[in-house]
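Below is one structure; the comments refer to it alone.
The values are calculated or read from the model by the stated rules, or taken from the named source; none is laboratory data. If you're wondering where the values come from, they're calculated on a predicted model, not measured in any experiment. In this analysis, Cβ positions are derived from the backbone assuming ideal geometry, glycine residues included, and neighbour counts consider all displayed protein chains.
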Amino acid sequence: MGAASIEKKENRFIQELISPSDKLVIDAVREFVNQEIAPIRREIEESAIGDFVLIDKVRKKLLSLGLQGGSLPEEYGGMGLTSALTLSVIAEELARGDASLFCAPAGEARAMRPAVLAENKDVLEQFAPGFLTEDEACVGCFAMTEPSGGSNIENVDLKGVGIDTRAELDGDQWVINGSKMWSIDSGTADVFCVVCNTDPSLGDDGIALIYMEVPTEGFHYGGFEDKAGLRATREGEFRLDNVRVPREWRAAGPGRDAQLLYDNVVFSRILNGAWAIGCAQGALDEVLSFTSDRPAAGKPIRQHTIAANMLADIAIGIQVGRDSYVNAAYIYDRPETYGPGYSRHMLSRSSIAKIFCCDAAVKATNLAMELMGSYGYVTDYPVEKYWRDAKTIQLWDGGAQLGRLDVVRGYYEYDQFHKNELYEAIRERS
């Protein structure tokens, strides 16, 4: 038999879109996945059920690549990896090995990005050094979702009204009260960027992004969630009871914090698209290998027409999804040409990428499992893990339903609360 795959990896997207220095980082990540992650994917899952020791060891090895803290400005010791395209390609590469292992770099990027964009020196000088230590770097967490809200916070029609976590000024300190859940790596994070509301009546002007560090008085963690996918991360609900932080630890100020929140939503959805495609690519690699030498009716499975059609559908979804997230990331990185990251246009484009990529990844991993039969759902092969991870990514950051509402915002003035005189007349008669 010939090689399991003859695809040229360098032809997956236009290489000229990536700078030479960023390409070196991507190549290093790809090699790390091949050498350090792929051979122990099953053991990583077992570690997630057990003591997390192996996961912590792999994460420490990742520090040598500079990803943790890599998005911080160079003047603070970071690598200045602010390109959504570069980080997206890195997300795909890591997800091809184990999607959970991108959570720490993603958590740091999402948490610190508002301070970086706002050029908040107080926050950066306080927290940047912790992300850049060689042996035990800080973990960041962007704390957005709340137990009572679902996708209320990232819903632009609600204009902050759905944010129940309150921040009030008391002299030179913010006093924060509320609860959060589901935030990536919330159970292991050292630095949190907490989405708060100072006054719901102010609309977007009431939205505040405020930094805090743990441990701190008033921070109470409720324990880890037992998840189907992305098991090598630890998330759970936590409560803030009169947590006090300096006034300067707010990312920016009224109005600007809302823009930074929506920008982060857009940024995250682009990463999610790449993340999901990485899971699908990993599944394709596995099923190409499996079907290349396992016979059925006298010839390899993939030489049967029906199997070739299923493999084609997997490849189509992956490549079109990759083209979608690469395109969205490229225009996001050029606000001077295409508009700011928090614009409705970018919210639409990033949502298109995330929805399509996640749908394609769930379909791809499902088809791969079908092609492998019973071998597809046993833990001896990683395809069932890719399936669980892709489904998890599909469900978070607004899910597919709110995402579709955000897609149409790039095409017309959609408003969930659009005035409906017929409904008002019915209410009056009732």
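Details
- Any hit, the stretch 264-286, residues being outside any loop (DSSP other than H, G, I, E, B), farther than 21 Å from Thr392 by Cα and more than 15 Å from the chain's Cα centre (by Cα): no
- Any hit, the stretch 86-107, residues being more than 15 Å from the chain's Cα centre (by Cα), modelled with pLDDT of 90 or more, in a helix (DSSP H, G or I) and farther than 30 Å from Pro382 by Cβ: no
- The stretch 160-178: number of residues that are closer than 17 Å to Asp241 by Cα and crowded, with 19+ Cβ neighbours inside 10 Å: 6
- Segments classed as helices (runs of 4 or more DSSP H), wholly inside the stretch 314-430, with at least 1 members that are at pLDDT below 95: 383-395, 399-408, 421-429
Residue-wise test of (1) surrounded by 14 or more Cβ atoms within 10 Å (Cβ to Cβ); (2) in contact with a helix residue (DSSP H, G or I) (Cβ under 7 Å, 6 or more places away or on another chain).
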| site | (1), (2) |
| --- | --- |
| Phe290 | yes, yes |
| Pro300 | yes, yes |
| Gln303 | yes, no |
| Ala308 | no, yes |
| Ile314 | yes, yes |
| Val326 | yes, yes |
| Ile331 | yes, yes |
| Pro335 | yes, no |
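- Of the listed requirements (1) assigned to a strand (DSSP E or B); (2) out of contact with any strand residue (DSSP E or B) (no Cβ under 6 Å at 6 or more places or on another chain), Asn242 misses just one: (2).
- Condition met for Asp157 (in the same structural domain as Cys193 (by TED's automatic domain parsing), among the acidic types (Asp, Glu), surrounded by fewer than 17 Cβ atoms within 10 Å (Cβ to Cβ) and within 28 Å of Gly321 (Cα to Cα)): yes
- The stretch 112-151: number of residues that are outside any helix (DSSP H, G or I) and aliphatic (A, V, I, L, M): 4
- Any chance Asn309 is assigned to a helix (DSSP H, G or I), under 30 Å from Asn197 (Cα atoms) and of a type outside the set (Ser, Thr, Tyr): no
- Across the stretch 179-204, the number of residues qualifying as among the aromatic types (Phe, Trp, Tyr) and farther than 15 Å from Thr216 by Cβ comes to 1.
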